[in-house]
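The values are calculated or read from the model by the stated rules, or taken from the named source; none is laboratory data. All values reported here derive from a predicted model rather than from experimental measurement. When we count neighbours, we look across all protein chains shown, and the Cβ atoms used for this are built from the backbone with ideal geometry, even at glycine. Just so you know, the surface numbers come from the protein's heavy atoms only, side chains and all, with ligands and any DNA or RNA stripped out. Shrake-Rupley method; radii C 1.70, N 1.55, O 1.52, S 1.80 Å.
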Amino acid sequence: QVQLVESGGGLVQAGGSLRLSCAPSGSIAGLIAMGWYRQAPGKQRELVATIANSGRTNYADSVKGRFAISRDNAKNTVYLQMNSLKPEDTAVYYCNAKRVVLNYWGQGTLVTVSS
C-alpha cells in the first residue's frame, strides 16, 4: 500500500500562486509516475500534471505555462507550483501515484481562487 499526504491548498486571489506538496509513504518501490488531478464541483476528475520516474512531464492544456510539476527525490516529495491562478482553477486537487496496474490517491486538498 502507498499513502499520499498532500498539503498546500488554500484560498488565493486570482493572479496569485500556491504550491502543493505530496509525500508518498509505505510501499513506494515500483511506482512509475506521480501526478496531480483535480475535481471541480459538478465536474469529473481531470488530469492536471504528471511526472514520470524518467522526469518526463505532462500537462493539461489549461495549465500549460502556468503550472509546473517537479519532484525532490531526496525528500521523496512531488510539488505542483501553480502561478497566475484563475477562478476556474478552483477545485479539490488530488495527488496520484501510479504503478503499472494500480493507482493510489491522496485525500485531496482544496484550492479556492477568488476573482
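Please find the FRET efficiency linking GLU46 to GLN3, where r is the Cβ-Cβ separation and R0 is fixed at 25 Å, and quote it to the nearest 0.05.
Numbers: r = 23 Å, r/R0 = 0.93.
Once the sixth-power term is evaluated, E becomes 0.60.
Count the DSSP beta bridges whose two residues both fall in the chain, then state the antiparallel fraction as a percent rounded to the nearest 5.
The answer is about 90 percent antiparallel.
Taking 25 Å as R0, compute the FRET efficiency from the Cβ-Cβ separation of VAL101 and THR77 and round it to 0.05.
Given R0 = 25 Å and the Cβ-Cβ separation, E is 0.55.
Between SER25 and ARG56, how high is the FRET efficiency from 1/(1 + (r/R0)^6) when r is the Cβ-Cβ distance and R₀ = 25 Å? Nearest 0.05.
That pair, SER25 with ARG56, gives E of 0.55.
List the lysines whose Cα lies under 25 Å from the Cα of LYS98, skipping any in the same chain that are fewer than 8 positions away.
By straight Cα distance, LYS98 reaches LYS43, LYS64, LYS75.
Percent of Cα-Cα pairs more than 24 Å apart in the chain, please.
19 percent
Could you let me know the centre-to-centre spacing of segment 1-35 and segment 38-115, using Cα atoms, in angstrom?
One Cα centre to the other: 8 Å.
Listed highest first by mean packing, meaning other Cβ atoms within 10 Å per residue, what order do 83-89, 69-75 come in?
Ranking the peptides 83-89, 69-75 by packing returns 83-89, 69-75.
Under a point-charge model restricted to the Cβ atoms of Lys and Arg (+1) and Asp and Glu (-1), what is the dipole moment magnitude of the chain relative to its Cα centre, in debye to the nearest 20?
On the way: 12 positive and 6 negative charges, 38 e Å.
Once rounded to the nearest 20, the dipole reads 180 debye.
Roughly to the nearest percent, how much of the accessible area of segment 48-90 is carbon and sulfur, given a 1.4 Å probe?
So the carbon and sulfur contribution to the accessible surface is 43 percent.
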